[in-house]
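The values are calculated or read from the model by the stated rules, or taken from the named source; none is laboratory data. Nothing here was measured: the structure is a model prediction, and the numbers come from that model. Using ideal geometry, Cβ is built from the backbone for each residue, glycine included, and neighbour counts are taken over all protein chains shown.
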C-alpha cells in the first residue's frame, strides 16, 4: 500500500522510530548484511554515480562538503551525505550545499518504505527478524543511508560525496566501490565500538580502502600510518600520503576564514580561501582537492577557478561557525581533546584570551583533558547540557572543570546551568556587560542547542 507522505519531515519521523546509535541505542549485531540486502532489493542505487568515500575522526564532514562544493561549482551535480545534522535533518542529504527538492526526498522515502514493507515476504526475511540468531531490523543510519542513495538516483546526480557515520569497515556507507577513499586524522573515539587504541581505530577506518582504488591519507601518528600502509599494500591500493604529496603554504587566518596556497607535485594553486577560520580547514581543503584530482584526473571542468569558487562558497554548520557579531558568538562541534584544543587555539588567536565559554559534551568523552585545555583560556565558564539527544552527565563535566579552575590564579568564574537556553542567556548577558566574545563547544548537539536558543 502506497504511503501518503507529502513532506521529508514525515519520512524522517518514520526513520526516527528505528534503532539509532546516535541516541545511545545499541544494535545486537554490526554487519553490512542488512544494508547490502536493501541495496540489492533497490537495484543498487549506490552505483548510480561515481563516488568518493571519506572516513576519519575529525574533518571528514568538511572534506566531504568541500568536495561536493567544488564538484558543484564545476558543473557536476553532486549528492553529499553527512552526519550528524545540526539544525535540519536534511543537512545529511544535500545536493552540493543545497537541499534537494521536497519531491525528491518524498519519492525516495516512499521507495524506501516499500522496500522495508517488502522484507517479510522476501528471501531475506530472517536477516531482519529479531527472533532469529543475528536477525535484527535495519537501523536508523542504515535506512537514512539508503534514503540518500535513492535521492541521488532519483535526482540523477553525477557524483557522490559520502562521509562515513562511524568507523568504516562495518559502516553502512561501506557498500560503496568509490573511485578513491579519503581518511582524515585519526583520534581515540567511539572506543566502545572501534577499539581502545589508535591502531585498532585505524584498522576500522582502513576498512573503506578498496582493492586497487587509491587512498588519500591525512597526516597520521606513526601507529595509525603503519596500519594504513599495511592495508593499502595488501589491497594493492595506491597510497597518496598528504605530507608526501602536497604542502599548505602561507595560511593566513582572519575572523572570516583562512587563505592559503596549495602546492601539489605538478601544480600550485594560489589564493585559495575557505570561509571558516582555522588552519585545519586549509588542510581539509587540500585533502579534498587532492582527492578530486585523483578521482577525476581527466575532468576538464575541475579547474583552479572552479576549485576557488567552490571553496569560497562552502559552508557547514557548527564548524567554527559565527552565529552572531554583537556579541561575537562562535559554535563548534569539537568533542575530542585534539579538536577542542585546536578550536580553542583558533578562537583565542582571533578573539583573545578571557572570553566566555559555554561547554557541554556527551557521556564517555575525555572530559578531564578537555577541561585542562579550556579552563586557563577563559574568564567565565558555563557548563551546561548538550541537549537531550545523547546521554550526558553535566554534573561530571562541572566537577572536572571545577578541579581545573581550583588550580588557576586568577581563577575564571565557573557556573553550572543545566538548562541550555538559560546557559546561553547568561553567557550573552556576561558577554554584553563585559564586552566579551562567546565560544560554545564540546558537542555538535550543544552547537545545535546554542543556535536554537540564540536565534
Being farther than 18 Å from residue 18 by Cα and in a helix (DSSP H, G or I) is the filter; apply it to the stretch 107-124 and report the residue that is modelled with the lowest pLDDT. 121
Taking the stretch 65-93 and keeping only residues that are within 14 Å of the chain's Cα centre (by Cα) and part of a strand (DSSP E or B), one is left with 80, 81, 93
Any chance residue 216 is under 25 Å from residue 172 (Cα atoms), within 21 Å of the chain's Cα centre (by Cα) and in contact (Cβ under 8 Å) with a residue 60 or more places away in the chain: yes
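Taking the criterion of being assigned to a strand (DSSP E or B), farther than 19 Å from residue 323 by Cβ and in contact (Cβ under 8 Å) with a residue 40 or more places away in the chain, would at least one residue in the stretch 373-380 satisfy it?
Yes, because at least one residue in the stretch 373-380 is assigned to a strand (DSSP E or B), farther than 19 Å from residue 323 by Cβ and in contact (Cβ under 8 Å) with a residue 40 or more places away in the chain.
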Counting only residues that are exposed (fewer than 13 other Cβ atoms within 10 Å of the Cβ) and not in a helix (DSSP H, G or I), the stretch 224-237 contains a total of 1
As an exercise: evaluate residue 187 against (1) assigned to a helix (DSSP H, G or I); (2) within 21 Å of residue 64 (Cα to Cα) and give the number of the one condition it does not meet. (1)
Taking the stretch 304-315 and keeping only residues that are closer than 18 Å to residue 90 by Cβ and surrounded by fewer than 24 Cβ atoms within 10 Å (Cβ to Cβ), one is left with 315
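From the set of residues in the stretch 405-427 that are part of a helix (DSSP H, G or I) and in contact with a strand residue (DSSP E or B) (Cβ under 7 Å, 6 or more places away or on another chain), which is farthest from residue 322 (Cα to Cα)?
Of everything passing the filter in the stretch 405-427, 405 is farthest from residue 322 (Cα to Cα).
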Would you point out the residue of the stretch 247-265, among those that are touching a helix residue (DSSP H, G or I) at 6+ places or on another chain (Cβ under 9 Å) and not in a strand (DSSP E or B), that is surrounded by the most Cβ atoms within 10 Å (Cβ to Cβ)? 255
Answer residue from the stretch 76-90, given it is modelled with pLDDT of 95 or more and more than 20 Å from residue 57 (Cβ to Cβ) and is surrounded by the most Cβ atoms within 10 Å (Cβ to Cβ) among those: 79
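Might you let me know whether the stretch 164-176 holds any residue that is in the same structural domain as residue 82 (by TED's automatic domain parsing), touching a residue at least 24 places away in the same chain (Cβ under 8 Å) and part of a strand (DSSP E or B)?
There is no residue in the stretch 164-176 that is in the same structural domain as residue 82 (by TED's automatic domain parsing), touching a residue at least 24 places away in the same chain (Cβ under 8 Å) and part of a strand (DSSP E or B).
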Could you tell me whether the stretch 278-294 includes any residue that is buried (at least 24 other Cβ atoms within 10 Å of the Cβ), farther than 26 Å from residue 246 by Cα and in contact (Cβ under 8 Å) with a residue 12 or more places away in the chain? no
Residue 299 being in the same structural domain as residue 61 (by TED's automatic domain parsing) and modelled with pLDDT under 95: yes
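Any chance the stretch 349-364 includes a residue that's in contact with a strand residue (DSSP E or B) (Cβ under 7 Å, 6 or more places away or on another chain) and assigned to a helix (DSSP H, G or I)?
Scanning the stretch 349-364, I find at least one residue that is in contact with a strand residue (DSSP E or B) (Cβ under 7 Å, 6 or more places away or on another chain) and assigned to a helix (DSSP H, G or I), so the answer is yes.
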Yes or no: residue 312 modelled with pLDDT of 95 or more and either under 16 Å from the mean Cα position of the chain (by Cα) or under 30 Å from residue 53 (Cβ atoms) (or both)? yes
Just for the stretch 429-454: of the residues that are in contact with a strand residue (DSSP E or B) (Cβ under 7 Å, 6 or more places away or on another chain) and farther than 15 Å from residue 340 by Cα, which one is surrounded by the most Cβ atoms within 10 Å (Cβ to Cβ)? 450
